2 protein chains.
Amino acid sequence: MDREPEETDDVRRNAGRGRALDSLDRKILGALSEDATRSYADLSKEVGLSAPAVHERVKRLRATGVIKRTSADLHGPSLGKDFLAFVHVEAAGWGKTEGIMALGELPEVEEVHAVTGDTGLILKVRMDCPEAMEGFLWRLYDMPGVRGTRTYVVLSTHLERGVQAGITPDLSQGDNLK
Amino acid sequence: MDREPEETDDVRRNAGRGRALDSLDRKILGALSEDATRSYADLSKEVGLSAPAVHERVKRLRATGVIKRTSADLHGPSLGKDFLAFVHVEAAGWGKTEGIMALGELPEVEEVHAVTGDTGLILKVRMDCPEAMEGFLWRLYDMPGVRGTRTYVVLSTHLERGVQAGITPDLSQGDNLK
DNA sequence: GCTGAAATCCTCACCAG
DNA sequence: CTGGTGAGGATTTCAGC
């Protein structure tokens with residue numbers, strides 16, 4: 001379970017047309033992905049840089065798209081969205097047409113992925129109630145190219161988080177509990 | 001802590017044991033879910049309140065759990081995570097056992113949902129490469145109760161966002177575009 | 001990337017409705 | 001009880017090094 005993280009800093013294929021991410025960048029990203037409200041002064045003590053240096057890095061990480069955005073993660077049930085489901089859409093000959101884009105307009109659709117296998121499209125949808133789900137599926141069937149759907153209703157969510165920076169927890173440091 | 005909260009009956013089913021959310025709360029939530037770096041002064045101009053009032057509401061929304069946290073959304077490919085997949089786990093007789101909790105320890109696992117249907121568990125996993133996927137599936141098969149898996153490899157992601165506040169875009173207001 | 005200073009912002013007090 | 005006003009303190013942010 002604990003493997004030595006080799007210091008291979010060679011960049012493979014950087015989407016952001018910037019420079020490779022070093023260990024400090026990953027440390028910053030890991031911290032901000034868990035709590036983006038932390039101050040630069042606070043982060044600076046953790047990464048061993050000055051506050052403006054951290055700020056400069058974060059600014060660069062935002063500009064290059066490594067940090068897509070900083071968002072408040074909302075609690076579905078508090079907003080009346082008690083109903084979460086994954087919908088597998090069996091679509092026939094969908095290019096990346098307007099149909100997919102139209103799905104993004106609906107606030108209940110949180111994710112749209114084109115996948116391999118027998119389905120073609122996986123949707124993550126969250127709404128108020130089963131009735132809303134029914135209405136959504138009807139609209140889905142009305143779209144051209146939709147041959148069928150398979151819906152997996154979520155009974156309980158045990159984990160739901162964003163992309164992990166992949167930092168091994170700082171066992172070597174152990175410096176602060178903040 | 002210092003006051004007993006009187007349970008108003010008009011609260012429908014509030015997960016956070018707080019009060020219902022009004023239109024201003026939703027407006028704030030909608031804005032912060034898209035960009036949590038905006039200042040309270042900025043938000044106050046949009047919702048028509050003073051900055052401290054907005055801050056007070058946000059503080060309450062955090063305390064009641066409506067805002068679960070504020071996080072930086074990272075770009076997978078920039079971190080070397082080019083491989084996203086949904087794994088349907090056919091599990092036999094899993095209570096909410098340690099097996100599920102163990103999955104959360106793995107940084108490649110982003111979501112774990114118990115679902116209806118023939119699968120039982122849906123996992124969202126993101127990693128470096130197909131080889132890592134293979135290793136992950138092996139570890140999955142080693143877990144007790146895992147009878148089988150079906151993996152849907154994501155070819156392209158067209159939408160990926162958090163819980164939407166569900167505000168209809170303010171067409172009636174039209175006060176400012178920020 | 002560091003230091004220091006200025007502008008902004010957060011945050012708390014207190015007061016009004 | 002919720003929102004407004006004003007001031008103190010922290011933070012962001014931009015110089016120059």
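Taken together, the values in this text are just the output of simple stated rules run on the coordinates, not laboratory data. Remember, it's a predicted structure, so these values are computed and weren't measured experimentally. Neighbour counts run over all protein chains shown; Cβ positions are idealised from the backbone, glycine included.
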ask   = So for the stretch A:23-63, what percent of the C-alpha to C-alpha distances run longer than 13 Å?
value = 43 percent
task = Would you mind computing, in nm to one decimal, how far apart the modelled labels at residue B:139 and residue A:101 are, each placed 7 Å from Cα along Cα→Cβ?
result = 4.0 nm
ask   = What is the order of B:127, B:143, fewest Cβ neighbours within 10 Å to most?
value = B:143, B:127
task = Could you check what % of the DSSP bridge pairs in the stretch A:76-153 are antiparallel, to the nearest 5?
result = 100 percent
ask   = Within the set A:124/B:124; A:68/B:45; A:27/A:59; A:59/B:124, which residue pairs have Cα atoms separated by over 23 Å?
value = A:68/B:45; A:59/B:124
task = With θ set to phi - 60°, apply the Karplus curve 6.51 cos²θ - 1.76 cosθ + 1.60 along the stretch B:68-80 and write out the HN-Hα couplings as whole Hz, x wherever there is a Gly or Pro.
result = 5, 5, 10, 9, 8, 8, 8, 8, x, x, 5, 8, x
ask   = For the stretch B:38-55, in order, what is each residue's ³J(HN,Hα) by Karplus, 6.51 cos²θ - 1.76 cosθ + 1.60 with θ = phi - 60°, in whole Hz (x at glycine and Pro)?
value = 5, 7, 5, 4, 5, 5, 4, 5, 7, 9, x, 10, 7, 4, x, 5, 4, 4
task = Using only the C-alpha atoms of the stretch B:36-101, find the volume of their convex hull and express it per residue in Å³.
result = 172 Å³
Per-bin percent of Cα-Cα distances, the stretch B:76-153 [10 Å] = 18, 57, 21, 3
query = For residue A:129 and residue A:60, FRET efficiency with R0 = 51 Å and r from the beta-carbon atoms, rounded to 0.05?
reply = 0.70
inquiry  = Given points 7 Å out from each Cα along the Cα-Cβ axis, report the residue B:22 to residue B:34 separation in nanometres with one decimal.
reply    = 2.3 nm
note = Interchain or sequence-distant (5+) residues whose placed amide H lies within less than 5 Å of the amide H of residue B:73 are A:68, A:69, A:70, A:71
